[in-house]
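A.B. asks: Before we start, here is the structure in question, set down as structure tokens.
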Amino acid sequence: ARFVLGAFCPFYLAWGWDNRTVYCRVPAERGSGTRVENRAPCASANPYLAMAAVLAAGLDGIQNKIDPGEPA
């Protein structure tokens, strides 16, 4: 099973700092840039459609000023 608690896979529909159990993870390492990991798509997903969906959701959140909530 892919979504199993304790297996360092996304289990909670949330975001967090350096938390491997959330769908959207922002690693703690900081350098010249910061990355955001979308941990939801599986390996069999079409990468172009998965990226398009993530970008559309992000733009929707920005345009509608949706609060992502507190980090998990």
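The values are calculated or read from the model by the stated rules, or taken from the named source; none is laboratory data. None of these values were measured; they are calculated from a predicted model. No Cβ is skipped: glycine too gets one built from the backbone with ideal geometry, and neighbour counts run over all protein chains shown.
A.B. asks: If I filter region 16-25 down to residues being assigned to a loop (DSSP other than H, G, I, E, B) and in contact (Cβ under 8 Å) with a residue 12 or more places away in the chain, which single residue comes out as surrounded by the fewest Cβ atoms within 10 Å (Cβ to Cβ)?
C.D. replies: So the residue we want is ARG20.
A.B. asks: Go through (1) among the aliphatic types (A, V, I, L, M); (2) part of a strand (DSSP E or B); (3) loosely packed, with under 10 Cβ neighbours inside 10 Å and name the single condition ALA28 misses.
C.D. replies: ALA28 satisfies all of (1) among the aliphatic types (A, V, I, L, M); (2) part of a strand (DSSP E or B); (3) loosely packed, with under 10 Cβ neighbours inside 10 Å except (2).
A.B. asks: Which of the residues belonging to region 31-56 are assigned to a loop (DSSP other than H, G, I, E, B), of a type outside the set (D, E, K, R) and within 12 Å of the chain's Cα centre (by Cα)?
C.D. replies: VAL36, ALA40, PRO41, listed by residue number.
A.B. asks: Right, something else. Show the residue pairs that are 6+ apart or on different chains and have beta-carbon atoms under 7 Å apart, the first residue being within region 49-72 and in contact (Cβ under 8 Å) with a residue 24 or more places away in the chain and within 19 Å of VAL22 (Cβ to Cβ), the second being β-branched (Val, Ile, Thr) and surrounded by 10 or more Cβ atoms within 10 Å (Cβ to Cβ).
C.D. replies: Cβ pairs passing all conditions: ALA72/VAL22.
A.B. asks: If a residue has to be modelled with pLDDT under 85 and either surrounded by 12 or more Cβ atoms within 10 Å (Cβ to Cβ) or closer than 17 Å to PRO71 by Cα (or both) to count, how many in region 39-60 make the cut?
C.D. replies: Here the count works out to 3.
A.B. asks: Of these, LEU59, LEU13, LEU5, which one is of a type in the set (A, V, I, L, M, F, W, C) and part of a helix (DSSP H, G or I)?
C.D. replies: None of the other options fit; the residue is LEU59.
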